[in-house]
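Data block below; observations after.
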Amino acid sequence: MSNPYYAVYELQGRSLAAAKALDAEVQKDLAKHTEAPNTPNLRAAFLDRMNNDHPDLVAQTGIEHRAICVRVEHDGTQSAYTETPVIHKTPNAEPRFIMYAPIDYKGHHFEPEDAILLDDQMQSIYASGLFAGGWSNGNPVFPESRRITPVPDDFDVQTHRKNPGIKPRTPKLEP
């Protein structure tokens with residue numbers, strides 16, 4: 001995979017229905033706030049409400065699934081982050097929902113139900129449209145959470161990024 005830090009999925013079936021329902025809930029909350037929102041506070045308040053009112057959507061979309069991800073720079077410097085998946089919506093008339101699920105330092109990640117894991121070519125096609133060639137942060141349905149954390153004691157730089165068994169499929173593109 002060209003992106004060693006995220007498993008990238010096109011949501012379909014149950015995960016797509018959950019993402020659309022999450023998007024509707026986010027839009028409903030955002031409509032209540034007319035001033036410039038304080039994103040961290042809105043995120044926490046929204047998660048509290050969702051955990052009380054719609055715990056199934058929280059579970060199905062993985063918005064609270066935390067992964068400890070370690071980045072190793074070219075000079076060997078290590079940094080670790082606790083990250084959650086983020087779902088982006090394509091700008092098409094009939095949007096597609098794409099999830100970036102962070103791969104933790106042990107090679108595990110959140111796997112959305114009924115979704116298609118994208119291969120390198122499809123990741124590139126979607127990333128180009130979502131992020132406008134690097135000029136945009138995409139259109140996240142709900143912002144990810146990324147916080148710095150200590151590098152885990154059991155982190156092994158020798159086996160890092162040897163990701164076992166992720167087999168992408170190419171979805172059928174329709175005009």
Before we move on, is PRO91 without any contact (Cβ under 8 Å) to a residue 40 or more places away in the chain and either out of contact with any Lys or Arg (no Cβ under 7 Å at 6 or more places or on another chain) or surrounded by fewer than 18 Cβ atoms within 10 Å (Cβ to Cβ) (or both)? no
Check whether at least one residue in the range 9-27 is farther than 30 Å from ASP156 by Cα, assigned to a strand (DSSP E or B) and in contact with a Gly (Cβ under 8 Å, 6 or more places away or on another chain), and report yes or no. no
Determine which member of the set ALA115, ALA80 is touching a residue at least 60 places away in the same chain (Cβ under 8 Å) and in contact with a helix residue (DSSP H, G or I) (Cβ under 6 Å, 6 or more places away or on another chain). ALA115
Of all the residues that make up the range 68-88, how many are over 22 Å from GLY13 (Cα atoms) and buried (at least 22 other Cβ atoms within 10 Å of the Cβ)? 1
Scanning the range 9-57 residue by residue, those among the β-branched types (Val, Ile, Thr) and either modelled with pLDDT of 90 or more or farther than 28 Å from GLN123 by Cβ (or both) turn out to be THR34
All conditions in (1) within 14 Å of LYS20 (Cα to Cα); (2) among the polar types (S, T, N, Q); (3) exposed (fewer than 15 other Cβ atoms within 10 Å of the Cβ) are true of SER128 except (1)
Scanning the range 131-175 for residues that are surrounded by 12 or more Cβ atoms within 10 Å (Cβ to Cβ), of a type outside the set (A, V, I, L, M, F, W, C), under 18 Å from ILE103 (Cβ atoms) and at pLDDT 60 or above gives GLU144, SER145, ARG146, THR149, PRO152, HIS160, ARG161
Cβ contacts < 9 Å: first residue farther than 22 Å from PRO150 by Cα, restricted to the range 54-75; second residue part of a strand (DSSP E or B), any location; separation 6+ or different chain. Result? THR61/ILE87; THR61/MET99; THR61/VAL141; THR61/PHE142; GLY62/ILE87; GLY62/MET99; GLY62/ALA101
GLU113 - would you say it is touching a Gly at 6+ places or on another chain (Cβ under 9 Å) and either surrounded by fewer than 19 Cβ atoms within 10 Å (Cβ to Cβ) or not in a loop (DSSP other than H, G, I, E, B) (or both)? yes
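The values are calculated or read from the model by the stated rules, or taken from the named source; none is laboratory data. From a predicted model like this one, the values you see are computed outputs, not experimental measurements. Positions of Cβ are generated from backbone atoms using ideal geometry, with glycine treated the same way; all protein chains shown enter the neighbour counts.
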